[in-house]
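The values are calculated or read from the model by the stated rules, or taken from the named source; none is laboratory data. The shown structure was predicted, so the numbers you read here are calculated from the model rather than taken from an experiment. Glycine gets a Cβ as well: all are built from the backbone with ideal geometry, and neighbour counts include every protein chain shown. Calculation scope for accessible area: heavy atoms of the full protein, side chains included, ligands and nucleic acids excluded. Shrake-Rupley method; radii C 1.70, N 1.55, O 1.52, S 1.80 Å.
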Amino acid sequence: LPISGGVLAANTVSTDDSHGAGGLPAEVADETPGSSTTTTTTTTTTTTTTLPPPRTATLAFSGDLLPHTPVVTAAAAWADEGWDFRPMFDEVRPIISAADLAICHLESPISSTDSNLSGYPVFNAPRALIEAAIDAGYDGCSTASNHSFDRRTAGVLSTLDVFDELGLRQAGMARSAEPDPAPVVYE
């Protein structure tokens, strides 16, 4: 409310027809010459905010995709040619594919050419492992592990090539030592 010359001035708005002198309510109007009447009316406004319904998301995170030699041998037995890791995901595929976001942890480097494959203790897996992860419903993988550098820089670059070529996102490995300020974001 504005204050003028030490006097509190107020504007009164009313839809009531019982007004006296000067538009003031009759019960407070004073028609005595030289008198002054001030009326203060408080109006309360209530605002209701409707919140959107809560959103939900199903997240699935799994541990190591780590193809020891017996796992790679089984994948070769299921394939007509090369390797087929898809049957290994049969029991978890419904869970992974139903998730809004599913992230695996890849423990092994991936060979983009399916050459120099190996198991424990220095891993290098065929690209069919990533194809099977995509088929199972994974949206991405973490790739930073104690085996990430098993095949040195060439193994890291080969793994990243496979991820890029197949369109699966990853976080953990990088093409250079330069920091990448952009995080991997899933919408």
>> Which count do you get for residues in segment 123-157 that are in contact (Cβ under 8 Å) with a residue 40 or more places away in the chain and of a type in the set (Gly, Ala, Ser)?
In response: 9
> Across segment 64-116, what is the total count of residues that are among the β-branched types (Val, Ile, Thr), part of a loop (DSSP other than H, G, I, E, B) and under 27 Å from the mean Cα position of the chain (by Cα)?
Replying inline: 1
> Does segment 48-64 contain at least one residue that is surrounded by 12 or more Cβ atoms within 10 Å (Cβ to Cβ) and modelled with pLDDT under 95?
Replying inline: yes
> Conditions: (1) over 25 Å from Val184 (Cβ atoms); (2) modelled with pLDDT of 95 or more. Ala128 meets all but one. Number of the miss?
Replying inline: (1)
> Mind checking whether some residue in segment 173-187 is modelled with pLDDT of 95 or more and open to solvent by 70 Å² or more (accessible area, probe 1.4 Å)?
Replying inline: no
>> Being under 16 Å from Gly63 (Cβ atoms), open to solvent by 40 Å² or more (accessible area, probe 1.4 Å) and in contact with a strand residue (DSSP E or B) (Cβ under 8 Å, 6 or more places away or on another chain) is the filter here; which residues of segment 143-161 pass it?
In response: Ala144
>> touching a helix residue (DSSP H, G or I) at 6+ places or on another chain (Cβ under 8 Å), open to solvent by 50 Å² or more (accessible area, probe 1.4 Å) and modelled with pLDDT under 95: is that true of Glu27 in this structure?
In response: no
> Looking at (1) surrounded by 15 or more Cβ atoms within 10 Å (Cβ to Cβ); (2) of a type outside the set (A, V, I, L, M, F, W, C); (3) outside any strand (DSSP E or B), which is the one condition that is false for Gln170?
Replying inline: (3)
